[in-house]
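Presented below is the structure to which this report refers.
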Amino acid sequence: MTKPDQSTRLVWLSLLIIQILLLAITAARLHVTRQAVLGMDECISCQAITMIQHEAGLWVLVWLLLALASWSIRPLRWLCVAAIWSIIMVLVADVTTLQQFSLRLLLADVFKFGQQPMFVVEYLQNLLGWFWLPLAVIAIFGLPWMILFTLRRHLSNTAARMGMLAMGVLSALLYTLPDKTAHALPWTYLNLLEANWPSGTDQPYSQDYIDSLLAEPPADLATQVCEPGMATGGNVIIVAVESLSWYHSSLMLPGSMQATPLLDAMARNNTWWDHFYSNGFTTDHGLIAMLAGQLPVPAVNRYRSMSVFNGYAVDAGSLPARLARDGYYSAFLTSGNLAFLGKGDWLQSLGFDHVEGHKQAEYAGAERFEFGAAGDELLYRRVVNWLKNERPSSQPVVAFVETVTTHPPFVDPDTRQVSEAAAFGYADRSLAGFVRDLEEMDYFRDGLLIITSDQRALTSVRPAEMEAFGQSAGARLPLIMIGDRLPLKGRQSTAAQMTDLPFSLDYYLSDEACHLPGQGNIFAAQAPECIYQADGNQRSIINAFCTDHTASIRMNGDQTGVIKGYLPDEERRIRELNYLRARLGVRNIDIHMVL
């Protein structure tokens, strides 16, 4: 009688440990989610219960796999254990990704960054040192053996199998209950399978609707308006500092990280904007907006395709194409890898005369960081050398400089310390040194320097950001300009967005510039009618900021429409967005939905 009782206790203890492990992963995700202001619900119990309800959908799968693995058929057991191990590892990776980037683990992103396997290795090494290697060995080899040992010793009898099936049924019942709360951001509580399930972004338009869009394009996207420009002339350098965000600065958010005091001082002494908006959530989105001058609205299947730049190629409205007509020589300089996602080829297609990346000879022997990039200091030194010795002397130039050092996991190249504040402190010092070099060259007498970011950092939205910016907190970026000829001085509060940059520079530099109706002009203090931003966690959502109104637009083929807030002149604007997406075509699916 003693042995059966002991065996029963071990069975239920094993089942309890498995359920505690699943709950622990859910609790970790709840904790990380609540670190972000935008992911916090006032009712923590409501949020926790809703998250558990959705996670229960995956628990059903785990319990069924455990029940199957408890049988003595060895191939079936190994197959089921491999599946269980994969689910657990992916759930842990989801929590880690959320903690590091404030994004859920989406398979499209995994495949995208999987093109650069060394990026993952370097990231883990920078984050954990070589400590990540034994952890990976334990996770890959140790955990499956632990599961097999538990199955063989405790979960191979009828009582255990009935218990696992009962747990699966209870999980299924829990999953089918109505949500405890209707949270404003469903990505925070969806289980990983739900979060990766194809959304409205992938819903194609009907052929009849596409035909109607292309036959009668929206008037505001078909006809350009031309006007006299300022004809200021001179050279232009645009610096996109990787992940630079307002919370790094004390300029707008006193008491924040205060990691960029030198940049803050430069802004106060020159010109800066407090209402500058990103049009996306990744570097490729930022480049598409600032260089192609196009909204990075996703094509159908875009997030399940490896072709992130297709459809945003040669266009007369791109920055290099516009300024080439005015006699400008254009260059793109970065210390990062141009092969990633085909960025180098895309930049060439935009019309840049000179494109260079991490293989540039001046970086030979330098210490490398994320994406094989040399530190910002070396990049700026290279830009100065290019300006002095290699740029064509007979033409004005526009140079776009993309930094990489401040990409997560935020490694300070001077100390190798993994610290966001230290990394941005290094970036701040390097940028200030670059400005001093330009001053010594007397660059600002007729030249313009624009400093901004490629995206808001993929970190949790700070309370101070939410208080200062409201619903647009995830889209607001610094924009600073330095130049003696710049007519605007001090703080500027006219709204502007990334896509305004090509036309605005054309207007500032040349004697005539053309633009679409409703487009913003940064140098004429003219705000765009509406600002759009692709959402990072809700990939089917486009956020719209139209003067005093905000709206969330859900992409869903012919049924695309506003699901929250107010969008002025809704019918016209929805048609315009649909036209832009339809014109991009349908991407081939490279990433199929599997867990």
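Every number in this text was worked out from the coordinates using simple rules, so none of it is lab data. In this text the structure is predicted, and so the values were computed from the model without any measurement. When we count neighbours, we look across all protein chains shown, and the Cβ atoms used for this are built from the backbone with ideal geometry, even at glycine.
Could you pull out the longest piece of the chain with no exposed loop chymotrypsin sites (Phe, Trp or Tyr not before Pro) in it, calling a site exposed if DSSP puts it outside H, G, I, E, B and it has at most 15 other Cβ atoms within 10 Å?
With chymotrypsin sites (Phe, Trp or Tyr not before Pro) excluded where exposed in loops, the chain gives 72-565 as its longest stretch.
Using a Förster radius of 22 Å, what is the FRET efficiency between E571 and Q471 based on their Cβ-Cβ separation? Nearest 0.05, please.
With a Förster radius of 22 Å, E is 0.45.
Under DSSP H, which helices of the chain have Cα atoms covering 24 Å or more of the helix axis and a Kyte-Doolittle average no less than -1.0?
2-35, 44-69, 74-101, 158-176, 420-440
For the stretch 11-28, list residues with backbone N below 20 Å from a point placed 7 Å from the Cα of S86 toward its Cβ?
Under cut-off, by backbone N: 22.
Once you charge only the Cβ atoms, +1 for Lys and Arg and -1 for Asp and Glu, what is the size of the charge dipole of the chain about its Cα centre, to the nearest 20 debye?
So the magnitude is around 2500 debye.
Please report H248, H31 as a ranked list, fewest other C-beta atoms within 10 angstrom at the top and most at the bottom.
Listed from fewest to most nearby Cβ atoms, that is H31, H248.
Of the listed values (i) 19; (ii) 32; (iii) 26, identify the label whose number matches percent of Cα pairs over 47 Å apart calculated from this model.
The listed entry that was calculated here is (i).
Distance in nm between label sites at Q35 and T176, each 7 Å beyond Cα in the beta-carbon direction?
The two pseudo-label positions are separated by 3.7 nm.
Counting other C-beta atoms within 10 Å, which of K564, K343 has the fewest, and how do the rest follow?
The order, fewest Cβ neighbours first, is K564, K343.
Taking R0 as 41 Å, what FRET efficiency do you get between A313 and L193 from their Cβ-Cβ distance, rounded to the nearest 0.05?
Computed FRET efficiency for A313 and L193: 0.75.
Pop a pseudo-label 7 angstrom from the Cα along the beta-carbon direction at both Q559 and S156 and give the gap in nm to one decimal.
Once both label points are built, they end up 5.1 nm from each other.
Take the alpha-carbon positions of the stretch 29-70, form their convex hull, and give its projected area averaged over all directions (one quarter of the hull surface) in nm².
3.4 nm²
Less than 18 Å from a label point 7 Å out along the Cα-to-Cβ axis of Q224: which backbone N atoms in the stretch 495-510 qualify, by residue?
What the label zone holds, given the 18 Å backbone N cut-off, is 499-510.
Ignoring everything except DSSP H segments at least 4 long, calculate the 222 nm mean residue ellipticity for the chain; use -39,500 (n - 2.57) per segment, divide by total residues, nearest 500.
Roughly -13500 deg cm²/dmol at 222 nm, from the helical runs in the chain.
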